[in-house]
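The values are calculated or read from the model by the stated rules, or taken from the named source; none is laboratory data. None of the values given here were measured: they were computed from a predicted structure. Here the Cβ is made from the backbone with ideal geometry for all residues, glycine too, and neighbour counts use every protein chain on show. For the accessible areas, the whole protein counts, side chains as well, though only heavy atoms, and no ligand, DNA or RNA atoms are used. Shrake-Rupley method; radii C 1.70, N 1.55, O 1.52, S 1.80 Å.
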Amino acid sequence: MSLDIGDALRSGIDGLASEDGLLVGAVFLLYSLGSLVVTESLAAELLRLVFESGVYTAEQRAAIASFGGESPFALGVGLPVTVVLVALVALAGELVRYWAIRLFAGPAETATDDVADRALMAVVLGGTVALSVLLFQSVLPVVGQLGGLATTLVGSIVGPVVGLVLVTVFVYLRQEIALNDGGYGETLRNSVARFLDDPVSIVVLLVVLGLFGLVGSLPGLLTGVLGGDAAVGGLSLAIVSRLLSAVLGTVFQVLGIAVVTDAYVQVRASAREAAA
């Protein structure tokens, strides 16, 4: 087996607790707060489209809002501007991840010093995958409701499944960009090849990371149970829960980057040994 799951998790936890991990976490928290604003803005605009279509009654709309459907951080700048902001923040996130991967891996595992070109590749390739996942997992399930039952089912089932497949197959894409050398096509092929080197282990590892990440959804579930009108320390529970989710989500996203980076280094080393 080319991937040791235990080693990857231990290395990821060590990386998270290191000085580099704390630095990455601080930067990632700023990014997560920006992402929170734009994603809530997008969710609010999409939900507004659905509400205006007459799909839901007034009572159903009120029930959705009370179950955490409110978007307290939404900018309210309209759908076109929101889409642009979402794209810009997503692309900025690829640069943050690119930097974090190289920091966690270290110079010894970095096969290229061409920072500018690889950062551009991170924006182009990583950004395309990130925006595609957002489209399938977050946009289609909402927009699908505009077309009736059939499109609702397609959006709610097919969209998330396709998004999950993209996340899984291209799990090493960002690491391949940050730590290896090669053109766009070669980078895509190599990232898929590294996944196929040991697909079962990396899927198990992603499931473990996903279970860790569920902790970040607990504040949102609490809001759904208590209702968005509840308050904590003078602040609405909806605001508190989203901020807490952003902090928890940052911790587990940074952990995920560190873990997957170590996993990539492992499978790449195994592939090189096999080819020697």
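Data table
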| quantity | calculated |
| --- | --- |
| Matching residues, segment 155-182, being in contact with a Pro (Cβ under 7 Å, 6 or more places away or on another chain) and surrounded by fewer than 16 Cβ atoms within 10 Å (Cβ to Cβ) | SER156 |
| Residue in segment 59-82 that is touching a Phe, Trp or Tyr at 6+ places or on another chain (Cβ under 8 Å) and either modelled with pLDDT under 95 or assigned to a loop (DSSP other than H, G, I, E, B) (or both) present | yes |
| Test result for GLY159, over 18 Å from the mean Cα position of the chain (by Cα) and modelled with pLDDT under 95 | no |
| Test result for VAL200, of a type in the set (A, V, I, L, M, F, W, C), at pLDDT 90 or above and over 19 Å from the mean Cα position of the chain (by Cα) | yes |
| Only listed residue being under 19 Å from ALA275 (Cα atoms), of a type outside the set (S, T, N, Q) and in contact with a Ser or Thr (Cβ under 6 Å, 6 or more places away or on another chain), chosen from LEU179, LEU196 | LEU179 |
| Selection count where residues are over 22 Å from LEU95 (Cβ atoms) and among the hydrophobic types (A, V, I, L, M, F, W, C), scope segment 158-208 | 18 |
| Close pairs (8 angstrom Cβ cut-off, 6 or more residues apart or separate chains): open to solvent by less than 40 Å² (accessible area, probe 1.4 Å) and among the aliphatic types (A, V, I, L, M) in segment 183-195, assigned to a helix (DSSP H, G or I) and modelled with pLDDT under 95 anywhere | ALA193/ALA271 |
| Qualifying residues in segment 1-21 (those that are in contact (Cβ under 8 Å) with a residue 12 or more places away in the chain and of a type in the set (A, V, I, L, M, F, W, C)) - the one farthest from GLY213 (Cα to Cα) | MET1 |
| Residues located in segment 135-154, provided they are crowded, with 16+ Cβ neighbours inside 10 Å and β-branched (Val, Ile, Thr) | VAL139, VAL142, VAL143, THR152 |
